[in-house]
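*Asks:* Quick one: the structure is below, and I'll ask about it shortly.
The values are calculated or read from the model by the stated rules, or taken from the named source; none is laboratory data. Small disclaimer: the values here were computed from a predicted structure and weren't measured. Don't worry about glycine lacking a Cβ; one is built from the backbone with ideal geometry, like all the others, and counts go over all protein chains shown.
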Amino acid sequence: MNWNPDIGIPLAIAGALLLLGIAVFGRPRKPDQGRRLEPEAGVRGSGERREPELGRGNPEDGEFRLGDLDALEEDVAFQQDLELPERPQPSQSQDEGFDDGAFSATGIGRRSESAPERIVTLFVAARGDELIDGASIVVAAEKAGLLYGDMGIFHRLPDGKPTHEPVFSVANLVKPGHFDLRHVHDIETPGLTFFMTLPGPVSALDAWETMLPTAQRMAELLDAVVLDEERNALGRQRIAHIRDEMRRFDRAREREAQRFW
């Protein structure tokens, strides 16, 4: 058979291209394992949970840093979501002798059973590793205008309306939050929890303007410090921010009420 270049050369080129295509595209690919992206500096990943820490204040607010309270026992009620003190059941009041000197059954400061739309909290914490004794708390509460009542905690009632729900309340920072005044000299706690439930008997802004100076007064009397809900020292910017939040809450309530007229 004679070699015909017009046929043989194109066939040779086609064969070479076929072999090259098999070598390049016919090789099995490794499964894509993806690439791990490192988070940028200062940016928190969406899946990362950062627990609030005591004393991590914002330097721009002029806040100071406090010692970490992680060494406290597990029953200390430092928690992100406030758990309100449990109300003693009527059977407990009869069987275990809860009276006005323990968990008051007089109804002072009793709240309705409906769930609040929002809870605003402050903490008054002892300095360093110190503890606040029960007798000092009782004296400071009386000077600050608080009344001992429902749930075994202290309450600020609306002026001239002693039968209404409290404007705010003050519980023990240590679970379950009660103050058993029968054993007041045995009480020692790292701090107090101030909380107000919204909506309340007064506007949110008025409640805040009542709770803040009371917490500051209690901190002064107990040689303690006021912390915000994230356990940071309460600075001027944070106070202004919460005040604005209370105004917005009140405006939203007013708009909601107007829709029913």
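*Asks:* Criterion first (of a type in the set (K, R) and either on the phi > 0 side of the Ramachandran plot or modelled with pLDDT of 95 or more (or both)) does R248 satisfy it?
*Replies:* yes
*Asks:* Would you point out the residue of the stretch 146-192, among those that are part of a loop (DSSP other than H, G, I, E, B) and on the phi > 0 side of the Ramachandran plot, that is nearest to the chain's Cα centre (by Cα)?
*Replies:* G177
*Asks:* Out of E230, E220, report the one residue that is over 15 Å from H155 (Cα atoms), part of a loop (DSSP other than H, G, I, E, B) and not basic (K, R).
*Replies:* None of the others qualify; the one that does is E230.
*Asks:* Of all residues in the stretch 102-139, count the ones that are closer than 24 Å to Q216 by Cβ, among the small types (G, A, S) and touching a strand residue (DSSP E or B) at 6+ places or on another chain (Cβ under 9 Å).
*Replies:* The qualifying residues number 4.
*Asks:* Has the stretch 112-131 got any residue that is under 20 Å from L181 (Cβ atoms), out of contact with any helix residue (DSSP H, G or I) (no Cβ under 8 Å at 6 or more places or on another chain), in a loop (DSSP other than H, G, I, E, B) and not acidic (D, E)?
*Replies:* yes
*Asks:* Only residues that are part of a helix (DSSP H, G or I) and touching a residue at least 24 places away in the same chain (Cβ under 8 Å): list them for the stretch 132-145, please.
*Replies:* Hits for the stretch 132-145 are G134, A135, S136, I137, V138, V139, A140, A141, K143.
*Asks:* Filter the stretch 193-217 down to the residues that are under 22 Å from K175 (Cβ atoms) and either of a type in the set (V, I, T) or in a helix (DSSP H, G or I) (or both) and list them by number.
*Replies:* Scanning the stretch 193-217 gives T193, T197, M211, A215.
*Asks:* Kindly indicate whether any position in the stretch 121-143 is over 22 Å from the mean Cα position of the chain (by Cα) and under 21 Å from I242 (Cβ atoms).
*Replies:* no
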